[in-house]
Amino acid sequence: LLVSGQKKPFLSNHLIEMKPFIGNTYKGNFINSTKENPMIDIISFERALNGNAVKVTHSVNNGEYGGETMVMWNSEKEGLQSWYFTSAGSLTIQDVQIKKDTLICIEDVAGNKNGITKVKTIIEVLHGNQIQKRTKYLMNNLWKDGSEIIYNKVNDLKPVFN
């Protein structure tokens, strides 16, 4: 909420490139989504902690699964990191890069049966009112393509949890 004469809300210099995401909500269908078995993800981005963090919330199928991510500067690591908490009770910590309308999160994976050692999630603002979310897996020192979802802006919806 702004009182007249106030400046626009502050956003940390470390997060300023996330500005195109802030205040927006998007809806996307998973590739394997069907009318009989829909798989719909709602994702929203908002300024948090007085502009020192960005909170990303998502829910699949109205709360069947979802999570909240806090992206912020970690002065000990001298870099951006995210903490992703899921409705399944897990926590993932990722290194984060922001490059011109693109958010890149990379997590280290240990003990994966398929030989995956890292997971990279790339969220990119597309022309118009869309974002694209892609997942890649590092196996045998090669990045392999995973899933991809195109989301459309739907600011009348919000992620929900059961």
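The values are calculated or read from the model by the stated rules, or taken from the named source; none is laboratory data. All figures in this text were calculated on a predicted structure; none of them were measured in a lab. When we count neighbours, we look across all protein chains shown, and the Cβ atoms used for this are built from the backbone with ideal geometry, even at glycine. The protein model used for the area step is the full one, side chains on, heavy atoms only, and it has no ligands, DNA or RNA in it. Shrake-Rupley method; radii C 1.70, N 1.55, O 1.52, S 1.80 Å.
Got a sec to turn the phi values of region 125-142 into Karplus ³J(HN,Hα) couplings, 6.51 cos²θ - 1.76 cosθ + 1.60 with θ = phi - 60°, whole Hz, x for Gly and Pro?
With coefficients 6.51, -1.76 and 1.60, one gets 6, 9, 4, x, 10, 10, 10, 10, 10, 10, 10, 10, 10, 8, 10, 6, 6, 10 Hz.
How much of the accessible area of region 18-77, probe 1.4 Å, is carbon plus sulfur, in whole percent?
48 percent
Under 10 Å from the Cβ of residue 106, count the other residues' Cβ atoms, weight Lys and Arg +1, Asp and Glu -1, and hand me the total.
0
Tell me whether region 6-112 comes out rounded, prolate or oblate; compute the Cα gyration tensor, take square roots of the eigenvalues as a ≥ b ≥ c, and use a/c under 1.5 as the rounded threshold. Provide the component values of the computation, followed by the final result.
Numbers: a/c = 2.14, a/b = 1.40, b/c = 1.52.
Verdict is oblate for region 6-112.
How much net charge surrounds residue 39 when only other residues with a Cβ under 15 Å from its Cβ are counted (Lys, Arg +1; Asp, Glu -1)?
Residues near residue 39 contribute -1 overall.
Note the full-extension length gain between residue 148 and residue 19 as 0.36 nm times their separation in residues minus their Cα-Cα distance, in nm to one decimal.
That pair, residue 148 and residue 19, stretches by 44.2 nm at full extension.
Between residue 78 and residue 118, what FRET efficiency follows from the Cβ-Cβ distance if R0 is 22 Å, with the result rounded to 0.05? Kindly include the intermediate steps, with their values, before the conclusion.
Values: r = 20 Å, r/R0 = 0.91.
Computed FRET efficiency for residue 78 and residue 118: 0.65.
Based on the alpha-carbon gyration tensor of region 52-162 and its eigenvalue square roots a ≥ b ≥ c, which shape applies: rounded if a/c is under 1.5, prolate if not and a/b is larger than b/c, or oblate?
Rounded.
Residue by residue, what Karplus-based ³J(HN,Hα) values in Hz, rounded to whole numbers, does region 106-112 have, using 6.51, -1.76 and 1.60 with θ = phi - 60° and x for Gly and Pro?
10, 10, 7, 10, 10, x, 6
Could you state the accessible area per residue of region 1-139 in Å², with a 1.4 Å probe and every protein chain left in place? Could you put the intermediate results ahead of the total?
On the way: 8330 Å² over 139 residues.
Solvent-accessible surface per residue comes out at 60 Å².
When the dipole is taken about the Cα centre of region 51-145, and only Lys, Arg (+1) and Asp, Glu (-1) are charged at their Cβ, what size is it in debye, to the nearest 20?
Values: 11 positive and 10 negative charges, 60 e Å.
That gives a dipole near 280 debye.
Mind running the shape call on region 114-162? Use the C-alpha gyration tensor, a ≥ b ≥ c as the square roots of the eigenvalues: rounded below 1.5 for a/c, prolate if a/b tops b/c, oblate otherwise.
The shape class here is oblate.
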